[in-house]
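Engineer: This is the structure I have questions about; it appears just below.
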Amino acid sequence: MASVVKNALKAIRERGIGSFVRELRDEGYLYVHLLRALILLFPALECLIDKETLKCLFDGNLLQTKIHNIGATLVGVDKFGNKYYQKLGDTQYGRHRWVEYASKGRYNASQVPPEWHGWLHFITDHTGDELLMLKPKRYGAEHKENLSGEGDEYIYHSKGHSLNPGQRDWTRYRPWEPATKA
């Protein structure tokens, strides 16, 4: 089964999704029309072709972001490559601004620089690019993402955790041993 999927993905990458679907339809495979209709209805399903976003099938956040991007406007891109979108109209208030992280494999909120954080959380209506132009450059460190989840030296493990080198013995009692008569 894995080889079939691998060969299908290889064919999609080489020929494109359109010609792949046409060949399947010509060979008489079922469900091809359904797949084609889904791709026409949800263009975000074409993310299957892109190697970096192939994992959007397995990651619900990425898939939701790809589907949510349909009909949205790209507001800007920050210096790390994160894309910021806005969708006004039929969306719930507070859910119409979001970020698509540049790093698809590993992402967290600390990858958003401060100038875009304000726009993303409705603190200001100025985008990050506008804020950088409005405010003079102040002294301070450049923003970098939080690396607390990277590498063993940054990860905290509690005393009882199996990966803690100084693992503690959690037994708090001694089993009862009956007294022996001599």
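The values are calculated or read from the model by the stated rules, or taken from the named source; none is laboratory data. What you are looking at is a predicted structure, and each value in this text was computed from that prediction instead of being measured. Cβ: placed from backbone, ideal geometry, glycine included. Neighbour counts: every protein chain shown.
Engineer: Take I123 and decide whether it is modelled with pLDDT of 80 or more and either out of contact with any helix residue (DSSP H, G or I) (no Cβ under 7 Å at 6 or more places or on another chain) or in a loop (DSSP other than H, G, I, E, B) (or both). Can you show your working first?
Structural biologist: On the way: modelled with pLDDT of 80 or more: yes; either out of contact with any helix residue (DSSP H, G or I) (no Cβ under 7 Å at 6 or more places or on another chain) or in a loop (DSSP other than H, G, I, E, B) (or both): yes.
So I123 passes the test.
Engineer: Can I ask one more? Any idea which of (1) at pLDDT below 70; (2) under 26 Å from the mean Cα position of the chain (by Cα) is the one A182 doesn't satisfy?
Structural biologist: Here A182 meets the rest and fails (2).
Engineer: Quick check, is K55 modelled with pLDDT of 70 or more, among the charged types (D, E, K, R) and within 21 Å of the chain's Cα centre (by Cα)?
Structural biologist: Values: modelled with pLDDT of 70 or more: no; among the charged types (D, E, K, R): yes; within 21 Å of the chain's Cα centre (by Cα): yes.
Taking the combined requirement at face value, the residue does not satisfy it.
Engineer: Evaluate the range 78-98: report whether one residue or more is modelled with pLDDT under 65, of a type outside the set (A, V, I, L, M, F, W, C) and surrounded by fewer than 16 Cβ atoms within 10 Å (Cβ to Cβ). Spell out how you get there, then give the answer.
Structural biologist: To start, the set of residues in the range 78-98 that are modelled with pLDDT under 65 comprises 94.
Among the residues that remain, those that are also of a type outside the set (A, V, I, L, M, F, W, C) are: 94.
Okay, now just the ones that are also surrounded by fewer than 16 Cβ atoms within 10 Å (Cβ to Cβ), so 94.
Yes.
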